[in-house]
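Bear in mind these aren't lab numbers, they're just calculated from the coordinates by the rules spelled out. The structure presented is a predicted model; accordingly, all values stated were derived computationally and were not measured. Quick reminder, even Gly has a Cβ in these numbers, built from the backbone with ideal geometry, and neighbours come from all protein chains shown.
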Amino acid sequence: MNMKKVTFLLLIAALFTALSSVQIYAQGLTADDIVKIESVGSVAMSPNGDHVAYTLSVPRTEDDDVGRNFSELYIIPADGGEAINVIEKPNGAGSPNWGPDGRLYFTSQISDHHNQTQVYSVNRSGEDLQKHTDAENGVSSYQWAQDGSAIAYTSLDPVSDEQKEMDEKGFDMIVAGENVRYMGLWVQPRDGNATRITPDDLYVYDFSWAPNGEQLAVRISEKTGADADQMYTRYSVINRDGSGMRDLMDQPMKKGAMSWSPDGTKLAVLAGKVYSDPLPQRLWVLNTDGSGNRDLTPDDWEMTIEWAGWQDNRTVLFTAVQRSVTTLNSMRTDREGITRILGGGDEIFRGISLNERKTAFAASVNTKLHPNEVYVVNNLRRANLERLTHHNEWLNEKEFGEQTSITWAGADDLEIEGILVKPVDYREGTRYPMIILPHGGPEGISLNGWNTRALYPAQVLANEGYVVFEPNYRGSGGRGTAFASANHRDLGGKEFEDVLLGTDYLDEMELIDPERVGMSGTSYGGYFSAWAATRYSDRFAATITFAGLSNWISFMGTTDIPHEMSVVHWDLYWFNNPGQNWERSPVAWLNHADTPILVAHGLADDRVHPEQSIQLHQFLEMKEIPTGLVLYPREPHGLTERAHQLDFMQRVIDWFGERVK
């Protein structure tokens, strides 16, 4: 055979191989797919259970103006059928709730009505649009009294006319402690004017009407900001005219939403166990007369409660994350024990919306194969989830990497769980490169449902031929207070050993090539990525950090949650032990590092200041360690714009393709 013929045959073989590879990968998810996914947000079942309202996150296309996703509003019959589009882009809607009069209420900033977010309503046919509020600085949250006599809403203080005039003259200095704006609570009778019922120097973070319509429960603080919201609020009760405020629970710790018992004598609230509990994950019952509070959550429960509401005066319903699944449960307040109603399988839901009789509900549900869609349970006694919406039918034509939950022995033989995704074209007996995607928090959690998004493109990476590993290391949610607190005073210690031991476990399974391991994470997951590439440089071929922490001491001086981070994550203030904070900082280990690190950050991030990425990148360059820096204008603690999402995912593919794959 002559050389020309050999060369020709080799070229044909190479072309066939390339085309086969493209064909295989084309079956899975790509970055372009991720930025066109629609996802259900809030859901609200009508009082009679006949209809469900829901918001739908609709991505912008390349022809739309730059910005985050649109939020459209729909109504769909609870027994199935065609959904009615109530608000469509470019207008948006949020917070759908059914009023006592049977109308659907929601917040919107409709361009031809008002330049601020207000409360609107439509009838069940999606018609007869009406505006109900005229708050000078817009409405943040709202709720109707059960008898329909009044609507309550929160609104942020507007900028004073004097300050506006000074700003126009250039005197727009930002001075700490000056021009503080509070969120007030307003009550507006159905046929009257709104009146502010909370003091001017009190910030209202949440509220709920009492069943009798004469009182409201509020979560409040004299302090403003993210730290106050997470750590320093209290539960109180106030009369609807603003009189008689009294505190029910004021100890500092994480606190969440409130729900009144039907008889108005008790509040079910979600709060931490103690000051240092990383999550408001326990069920408390507060007597509304101030006579006592009870934490009903046994310490041996391995779950994180996320939503609670009353079924009757003695029974509380609640949803919980249990390891990597979610459940709906009930508990009596007068006896011990819980009853699981449904969950624990493939359907992931984080809260429910009940009908008036508490016999049916709607929820936003996702699975391994689709993002959030509307589901209903039409009979709570039988509790079968039924899917109502199908917003991404094209996903049915895609091939997904097999996704499972796995466990392994972490540090001190503590059982650790995580999510494993195999490559789309997985072949038994082949060792694959692996990308680890650690969640943030660290009290976040990776669930065994839909887990692919721009900053965590799990199935995109599986489509690129990687094993994807999402470990729920100690410190994660989903397993109660003790597990979430198990990393206290040891950040980057045994929690990271849990991840390394998980990698060793997958190596022992002969699933991965331990020489080809990368990591990409956001926020605290970004800290893990920077820590992996510096302190444990010998274990990782390349990493990517987005909005990640690199220097614990400077982070504490620039974040909007210095107390929250110190109390519920470190359980230690840095100035009481600066040596450990520095020793656990990635930049402290650059002399031991040679792993390439791609560094990315949003320029509007208040949680993790961009300086964390800028200094890491600069130090890497000074040490001549391969690196790159990408800064995204307008982006907060995440990525919200289509072009930025596409850009980041392509960089992930390229960075790991060159250095790990």
- Message: With angles folded into 0 to 90 degrees, how steeply does helix 3-26 sit against the dominant principal axis of the chain? Use alpha carbons for both and round to 10.
- Response: 20 degrees
- Calculated Rg and Dmax of the stretch 117-190 using C-alpha coordinates, Å: 16.8, 50
- Task: Using only Cα positions of the stretch 570-661, each an equal point scatterer, no hydration layer, compute I(q)/I(0) via Debye at q = 0.13, 0.14, 0.22 Å⁻¹ and quote the log10 values to two decimals.
- Result: -0.56, -0.64, -1.16
- Rounded to two decimals, the Rg over Rh value of the stretch 49-200 from Cα coordinates and the Kirkwood Rh reads 1.04
- Message: Treating the stretch 408-453 as a set of equal point scatterers at the Cα positions, no solvent, please give the Debye-formula log₁₀ I(q)/I(0) at q = 0.23 Å⁻¹.
- Response: -1.08
- For the chain, what Kirkwood radius comes out of the mean inverse Cα-Cα distance, in Å? 26.6 Å
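As a test of the definition: which semi-axes, in Å, follow for the stretch 305-446 when you take the square root of five times each eigenvalue of its alpha carbon gyration tensor? Largest first, please.
They are 32, 22, 11 Å, listed from largest to smallest.
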- Item | Principal-axis tilt of helix 611-622 within the chain, Cα atoms, nearest 10 degrees | 10 degrees
- Query: Arranged by the count of other C-beta atoms within 10 angstrom, fewest first, what order do 659, 357 take?
  - Reply: 357, 659
- Ordered by fewest other Cβ atoms within 10 Å, a rough proxy for footprinting exposure, 520, 46 read 46, 520
- Where a ≥ b ≥ c are the square roots of the eigenvalues of the C-alpha gyration tensor, would you call the stretch 311-368 rounded, which needs a/c under 1.5, or, failing that, prolate if a/b is larger than b/c, or oblate? oblate
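Note the direction-averaged projected area, equal to a quarter of the hull surface, for the Cα convex hull of the stretch 36-108, in nm².
Mean projected area for the stretch 36-108: 5.1 nm², to one decimal.
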- Task: May I ask for log10 I(q)/I(0) of the stretch 169-245 at q = 0.13 Å⁻¹, from a Debye sum over the Cα atoms as equal point scatterers with solvent left out?
- Result: -0.47
- Task: Would you mind calculating the relative contact order of the stretch 315-375 from Cα pairs under 8 angstrom and at least 6 residues apart, reporting the percent as a whole number?
- Result: 23 percent
- Item | Pairs of alpha carbons in the stretch 395-545 whose separation is greater than 23 Å (percent) | 29 percent
- Message: I need the per residue convex hull volume for the stretch 462-586, using only the alpha carbons, in cubic angstrom as a whole number.
- Response: 116 Å³
- What ranking of 595, 339, 543 emerges when the number of other C-beta atoms within 10 Å of each C-beta is taken as an exposure proxy, fewest first? 339, 595, 543
- Separation of alpha-carbon centers, the stretch 175-251 and the stretch 34-74, rounded to whole Å: 30 Å
